[in-house]
Amino acid sequence: MKNNQKLKGKDLINIGIYAAIYCVLMTCISMLGYIPIMMPMLTVIVPIILGVPMMLFYTKVKKFGMITIMATIVGIYLCVTGMGFWPILFGVVFGFLADLIAKSGSYASGKKSILSYGTFCVLLFGNYLPLYIDREGYFSTRQSFGAEYINTLGNIMQPWTAPVLIIAAFVCGMLGALLGKALLKKHFVKAGIV
Amino acid sequence: MARGILQASIQNRGLVLDPRTKLVMLFDIALFVLGSAGGGSVEPLVPILCAMPAVLMLSAKKWKGAATYLLVYLLSWLTYTQLVPLTKGAVNFILLGCSGMLSRFLPGIAMGGYLVSTTTVSEFTAVMLRLHLSEKIIIPLSVMFRFFPTVMDEAASINAAMRMRGIYMGGKNVGKMLEYRLVPLMTCCVKIGEELSAAALTRGLGGEAKRTNICKIGFHIQDYLLFVVCLIPYAVWIMGRVL
């Protein structure tokens, strides 16, 4: 590979492909969020399952900026599907941090990519932020789900859960990365894809 | 099947809208129907927004899509408004869940489907260029745009294949679901993606020169009309705040 740090068409196409896989899977999983107890659990399930495609994506990442763009696109997608503006901001910030971490391992270190994916997952917290900073406003927009849903969700999402969710996203991201690595070893290396 | 249902065809597509109009409309629906922004004062307008995907699909000659959407939406809406108040307990919770969620998510999904199925990738790229976005965002987004139908298609095929082997929710091998679905999906998508990127590179994507685009995009009278429809909820929202 040429030692060229500029993003080329091929890299950008790769980002698009993996972003599409990521978004489709995320949407399927997030449908579970209607069940109140599953709502905070999404920060556990989504990072673990999506660790698989993301670890495959990390094997393609060789240049700075790819993870940032990926996270930004995921943020834009979340915004368009009605999660507000926070995910975009979180996407840019945590994508950039994840990129820095992966760069410090020169995009080849296994440990750094696990840590980096954990950071990447924190962007999911952007979806929950309105629940904490504007509680009344958030629940007033969810009236159509019924009072029972609101009460249950309100009981689960106490203010103290905010740091728990962030840590959960981070830790489960790393777990998902480990799972992804294991599956990668089991299937994709053998098939010659990585 | 030669062509997926979500892939855009240029021939015979009825009323043509500028992709920017469709994007604004999608954003409107995401904000007001899915996100319920604006609260009570905008609420009466929500049915109008919900009807828009059906109207647009009709204008694009997608009879089947429009009919399905209308039917499912009306059913869930009727359940939500008529049937739910009559029930109690667990039945109420489940019905409320299904119908409330369907009537909230369907318009967004239908609008997204309309956007993807009536816009070609070239048009989409042309619009993004017109909006002066960086190429670093445009290329991934347009690839993603092109790739959504493929991923869904592949997922549906894998779903069918795995169902035959008893790997589905409620089947014998639920535990294997994750691995046995994700891995083939990823393998397919990676292969298709490699071919796609080779095809795109031969067409000069990612080259040094500035790319040109022959798609004619621009606003027509139908776009202005839709823009007015899109702006009404905002106006009502702001009025509600001020008064």
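The values are calculated or read from the model by the stated rules, or taken from the named source; none is laboratory data. The structure displayed is predicted, hence computed values, not measured ones. A quick note on method: Cβ atoms are made from the backbone with ideal geometry, for glycine too, and the neighbour counts reach across all protein chains shown. Each accessible area value is taken on the protein alone, full model and side chains, heavy atoms only, with ligands, DNA and RNA left out. Shrake-Rupley method; radii C 1.70, N 1.55, O 1.52, S 1.80 Å.
How would B:123, B:135, B:179, B:195 line up by accessible area, probe 1.4 Å, largest first?
In descending accessible area the options line up as B:195, B:135, B:179, B:123.
Normalising by the residue count of the stretch B:24-100, find the relative contact order in percent from Cα pairs under 8 Å and 6+ residues apart.
RCO, the stretch B:24-100: 19 percent.
Would you mind listing how long the stretch B:128-200 runs along its three principal axes, going by Cα atoms, in whole Å with the largest first?
52, 23, 16
What accessible area per residue, rounded to a whole number of Å², is obtained for the protein assembly as shown using a probe radius of 1.4 Å?
Each residue of the protein assembly as shown exposes 49 Å² on average to a 1.4 Å probe.
What's the tally of Lys pairs in chain B whose alpha-carbon atoms lie under 19 angstrom apart, where the two lysines are 8 or more places apart or on different chains?
4
To the nearest µm²/s, what D does Stokes-Einstein give for chain A at 10 °C and 1.306 mPa s, using the Kirkwood radius over alpha carbon pairs as Rh?
Translational diffusion coefficient: 92 µm²/s.
How large is the accessible surface of residue B:205 in square angstrom, using a 1.4 angstrom probe and rounding to the nearest 10?
Result for residue B:205: roughly 30 Å² accessible.
Taking the Cα centroid of the stretch A:5-19 and of the stretch A:40-57, what is the distance between the two, rounded to the nearest whole Å?
Result: 21 Å between the Cα centres.
Could you order the peptides B:220-233, B:102-115, A:19-32 from most to least packed, using the average number of other C-beta atoms within 10 Å per residue?
Going by the mean number of other Cβ atoms within 10 Å, highest first, we get B:102-115, A:19-32, B:220-233.
Using alpha-carbon pairs under 8 Å, 6+ residues apart, how would you state the relative contact order of chain B in percent?
For chain B, the relative contact order is 30 percent.
Given Cα positions, please report Rg to Rh for the stretch B:182-243, the hydrodynamic radius being the Kirkwood one.
Ratio of gyration radius to Kirkwood radius for the stretch B:182-243: 1.32.
With the full set of protein chains in place, find how many percent of the accessible area of the protein assembly as shown is carbon and sulfur; take the probe as 1.4 Å.
Carbon-and-sulfur percentage of accessible area, whole number: 70.
Can you give the three extents of the C-alpha atoms in the protein assembly as shown along their principal axes, from longest to shortest, in whole Å?
Reported extents, whole Å, longest axis first: 63, 52, 50.
If I take every Cα pair under 8 Å that is 6 or more residues apart in chain A, average their sequence separation and divide by the length, what percent do I get for the relative contact order?
In percent, rounded to a whole number, it is 27.
Tell me: how much accessible area in total is hidden between B and A, 1.4 Å probe, Å², nearest 100?
4000 Å²
Can you give the helix-only mean residue ellipticity at 222 nm for the protein assembly as shown, where every DSSP H stretch with n ≥ 4 adds -39500 (n - 2.57) and the sum goes over all residues, rounded to the nearest 500 deg cm²/dmol?
Rounded to the nearest 500, it is -22500 deg cm²/dmol.
Please report, ordered by residue number, every helix of chain A (full DSSP H runs) that is 15 Å or longer along its axis going by C-alpha atoms and whose mean Kyte-Doolittle hydropathy reaches 0.0.
Correct list, ordered by number: A:9-30, A:38-60, A:66-78, A:86-104, A:110-121, A:161-183.
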